[in-house]
Each structure stands twice: as structure tokens, then as C-alpha cells.
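Here the structure comes first, spelled out in C-alpha cells, and everything after it is commentary.
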Amino acid sequence: MLHKITSLTVRDVRFPTSLEQHGSDAMHTDPDYSVAYVVLDTDCGLKGFGLTFTVGKGTEIVVCAVEAVAGLVVGKSLQEIVSDFRGFYRLLTSDGQMRWLGPEKGVIHLAIAAVLNAVWDLWARAEGKDPKQIVSCIDFRYITDALTEEEAVEILVKAQEGKQRREEHMLKEGYPAYTTSCAWLGYSDQLLKQLCTDALKSGWTKFKVKVGADLEDDKRRCRLMRQMIGPDNTLMIDANQRWDVAEAISWVSSLAEFKPLWVEEPTSPDDILGHAAISKALAPLGIGVATGEQCHNRVMFKQFLQASALQFVQIDSCRLGSVNENLAVLLMAHKFQVPVCPHAGGVGLCELVQHLILFDYICVSGSLGNRMCEYVDHLHEHFTSPVVIHDAHYMPPKDPGYSCEMLESSVQSHQYPEGDVWTRPAAGTEKKSK
Ligand SMILES: C[C@H](O)[C@@H](O)CC(=O)C(=O)O
Ligand SMILES: [Mg+2]
């Protein structure tokens, strides 16, 4: 069967998370978690679902960008696409006119991620893949000085050994996770304590706290968190790009007594040398630098790795150009021996990224050393195959596909601006997205 793609629809779907400060941090103080949600229809009835994540206003711009690339997808068959997936990736990312809007960054790249996520979902529902086929999906342009196609195949072939054992291990134990849900910046100390108590009871051992707005507040919150979780559990801090380089070093040094494993996004996500300087200064304190949720392409990740500017690679399923570009980053991270600890949360990011991190463990790195995947406890109920967390581990998804499909009722009620949630006065129509 050819699975010819007959139409692409895209919708702006927003959740009023800012009402309760879910997702808040030092730079994004009132996010309404949102997605540009894509559905591909095929002539045989099979559908592909994809999305990209935003924090409210401007989702309509991503929707517009998805519509602009739709013509490159509709009319093609799945077989035609996957038989030269690298070529198809380039067709989208290197269109002679639209690449001016990026290239491979910003709104156009988010839009391409949504479309390609839908193509991967469609492909995953249709059939399985082998190492050569996987490598053939990666665009190696601009990264061959760090990773060649031959090296990538070698990594994947080598990782075939022990693959079944790792798969069985995942099916039994799941992939280790950490939680960000206890300590968004807008949460009160009382709420933080309550959520932390609940999380400890549910088996969580690794926690991330938002920092960066006020040093005294950060000290109080980190102290509270450390007291709650004890000396042996893991703490991470996330500044969401709030500081300049020297400020980051001195601020984080002041929080060193709380023993964070990493500081995340200490400065501009584009400042590779700044991250390298911060990494070097914090290494003696035993604090690593994590970044990636706003690292917009493989070329940036390549340079972060080459410059030893990060100690934890935080891939994002919707920021990079879908699975294609994430595969490139997973393989580069393995070559540079830097652990991957994905960014998740938002809307659907946990659902998507669980596939990538399981792939990393089973087929690339073969290691769980210093590795964990972010988990955020919001909005899973809107998906047809929500993530399953057991004892602070992601349990492997059982349904075919890339877990992108949302409940149609949720999409309709949250569609912006006409859905119930946005038109009912009680739901807070005059919220941030307007
Ligand atoms: C605006 C988002 O909620 C952001 O704070 C998420 C994030 O930095 C993380 O999960 O890490
Ligand atoms: Mg973060």
C-alpha cells in the first residue's frame, strides 16, 4: 500500500495553564501550554498525528508556517518520503525561498518539526526500521566534521549487541525519570512542600527547581527542597536563560551548598562559549551545565559538544527537526560521550520524547549512566496514548505510532480562539493568550 498523503490539517490548541502558574519560570512567567497540532490523512485511511509545542501567543504564526509547507507534503506517498527521508527533510528545511525564514531555526523549524513528527507517526504505525534505514533519515550536512554517516552506522551496528536485553529491561523497569512538577517558579512554598511530599510518596528521587529571578528566594526554595528530599536524592536547577555569563557563575556558586547536579540554561541558549566558560567555572563545584530545550538545530548541538560547553544534552522532540534531527544529536552525543537527558513536559513532549530516549538506550548509548528523562505532570489526559509512569520511570509505550494523537474532544474544546475553554467566561477568556 502506498499511503498517499491526501490532506494536512493544522490547528491552534491552547491550554490555560497560566491560571495556576503551571510551567512558570524566571523568563516565561505566565505560559499557556499550547501546540500547533497536525493531522495527515492518507488514501488508505491511516492517519499521522504530529505537533510542536509553544507557550501561548504566536501559536497562530506556527500554524501559518505549517500551512506554508503543507504543499511540500500533500500528494506525496509515505513510501516516496521514507525511501529518501534525508532528501525529504532537506526539501522542507532547505526550500529555496522558505529557508530564509530560518534556516533550520525559529518558527519555520518548529512548523517543520510538527509536520515531520506527523510523518514519523504515520511511518511508525505502518512498519519497522533497521540501522541503515535509520541513518538514511539523517541530514549530515554541516556535521560531518563531528560525525560521519559511516560512524553513525558503526555506532548503531555496535549497539545491536545487548539490544534485546536492554529492551527487556525497559519493558520490565522502564526508563528513569525526574520531575519538574513540584517547583515551578510561580508556586508558593506551601504548594512546593505539598507536591514534594506527594512526589516522594510516589517514588520520585530526582527533582528540578526553577531559579533565577531572585537569589534570596532561590536559596530559600532550594534549601526547602533539599530538606524535603534529603541528601541522597538528586536536585537540579533551571534558570531558563536568565543570566549573563559572570552572573550565572556567581549565582550558581551561591547555590552550590544545595548540591545541584546541573544548572540548566544558565544564559542565552545561543551562547556556546558562554556555556563553556560556565561549565569550566562550575566543574570544581561538581555542578554540570545542561541545555538544549531551545537549542534550535544539530549544528548548534555539534558546537556545544565540540566546545565542551554542556555536560547534559537536553534534546527536544519539537524544537529540532523531528526524529530526523534528534537522531543526529543522539549519535553525536554518544560519540562525545555526553549523556542525553531530554527536555519534556509542555503539551505532549513527554509522549514524544519517551520514544527517543528509549531508542537512545536500546539502540545507541546502551547506558543509563547519569541519564534520566524529564517528566511534567500536566495535560497527559488529552492524548489517546498518554505516557505511563511507574515508580518514577517511563514505561515503554505499547500502541503503534509516535504517541502524538490527541483526543478530538480536547482539541475541539481547546482550539484557539473558538473552543469552549477560551469562550466560556468562567474559564478565563481574558487570559494571557489574548
Ligand atoms: C516555559 C516552560 O514551562 C519551561 O519553564 C520548561 C522548562 O524549562 C523545563 O521543563 O525544563
Ligand atoms: Mg528547562
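The values are calculated or read from the model by the stated rules, or taken from the named source; none is laboratory data. On a predicted model such as this, the values are computed, not experimentally measured, just so you know. FYI the Cβ positions are ideal-geometry reconstructions off the backbone, even for glycines, and counts take in every protein chain you see. Remember, those area values only see protein heavy atoms, side chains included, never the ligands or the DNA or RNA. Shrake-Rupley method; radii C 1.70, N 1.55, O 1.52, S 1.80 Å.
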Given the condition surrounded by fewer than 17 Cβ atoms within 10 Å (Cβ to Cβ), more than 16 Å from ligand 1 (Cβ to nearest atom) and under 26 Å from V329 (Cβ atoms), answer yes or no: does some residue in the stretch 177-198 qualify?
no
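Hey, among the residues in the stretch 261-280 that are of a type outside the set (S, T, Y) and assigned to a loop (DSSP other than H, G, I, E, B), which one's nearest to ligand 1 (Cβ to nearest atom)? Don't jump to the end; show me each part of the working.
To start, the set of residues in the stretch 261-280 that are of a type outside the set (S, T, Y) comprises 261-266, 269-278, 280.
So of that shortlist, the ones also assigned to a loop (DSSP other than H, G, I, E, B) come out as 265-266, 269-271.
Working: E265: 7, P266: 12, P269: 11, D270: 16, D271: 17 Å.
Per the criteria, the residue is E265.
Quick grid of which residues meet (1) under 20 Å from the mean Cα position of the chain (by Cα); (2) in contact (Cβ under 8 Å) with a residue 24 or more places away in the chain; (3) open to solvent by 40 Å² or more (accessible area, probe 1.4 Å):
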{"site": "F15", "(1), (2), (3)": "yes, yes, no"}
{"site": "S24", "(1), (2), (3)": "yes, yes, no"}
{"site": "M27", "(1), (2), (3)": "yes, yes, yes"}
{"site": "D30", "(1), (2), (3)": "yes, yes, yes"}
{"site": "S34", "(1), (2), (3)": "yes, yes, no"}
{"site": "T42", "(1), (2), (3)": "no, yes, no"}
{"site": "K47", "(1), (2), (3)": "no, yes, yes"}
{"site": "T52", "(1), (2), (3)": "yes, yes, no"}
{"site": "V55", "(1), (2), (3)": "yes, yes, yes"}
Looking at the stretch 60-79, which of the residues that are in contact (Cβ under 8 Å) with a residue 60 or more places away in the chain and closer than 18 Å to K4 by Cα is surrounded by the fewest Cβ atoms within 10 Å (Cβ to Cβ)?
G75
Just give me the residues in the stretch 334-373 being of a type in the set (D, E, K, R) and touching a Leu at 6+ places or on another chain (Cβ under 8 Å), in sequence order.
K335, D360
Leading residue by the ranking (nearest to ligand 2 (Cβ to nearest atom)) among those in the stretch 225-244 that are open to solvent by less than 40 Å² (accessible area, probe 1.4 Å) and not in a loop (DSSP other than H, G, I, E, B):
D238
Name the single residue that is nearest to ligand 2 (Cβ to nearest atom) among those in the stretch 334-378 being under 19 Å from S202 (Cα atoms) and aliphatic (A, V, I, L, M).
V376
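Quick one: which helices (runs of 4 or more DSSP H) lie wholly within the stretch 123-213 and hold at least 1 residues that are within 30 Å of T267 (Cα to Cα) and among the small types (G, A, S)?
Working: elements: 131-135, 149-158, 163-173, 189-201.
Ranges flagged: 189-201.
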Suppose we filter the stretch 279-297 for residues that are closer than 22 Å to I112 by Cβ and among the hydroxyl-bearing types (S, T, Y); how many remain?
1
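Just to verify a result, which residue in the stretch 256-285, among those that are under 21 Å from the mean Cα position of the chain (by Cα) and surrounded by fewer than 24 Cβ atoms within 10 Å (Cβ to Cβ), is nearest to T144 (Cα to Cα)?
At the first step, the residues of the stretch 256-285 found to be under 21 Å from the mean Cα position of the chain (by Cα) are 261-272, 275.
After this cut, where a residue has to be surrounded by fewer than 24 Cβ atoms within 10 Å (Cβ to Cβ) as well, the list is 261, 267-272.
Numbers: L261: 31, T267: 28, S268: 26, P269: 23, D270: 21, D271: 22, I272: 19 Å.
The extreme case among them is I272.
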Helices (runs of 4 or more DSSP H) (entirely within the stretch 312-425) containing at least 1 residues that are within 16 Å of ligand 1 (Cβ to nearest atom) and over 23 Å from V289 (Cβ atoms):
349-359
For the stretch 76-120, the count of residues that are closer than 22 Å to L46 by Cβ and among the basic types (K, R) equals 1
Condition check for G288: within 16 Å of ligand 2 (Cβ to nearest atom), surrounded by fewer than 24 Cβ atoms within 10 Å (Cβ to Cβ) and farther than 29 Å from K132 by Cα
yes
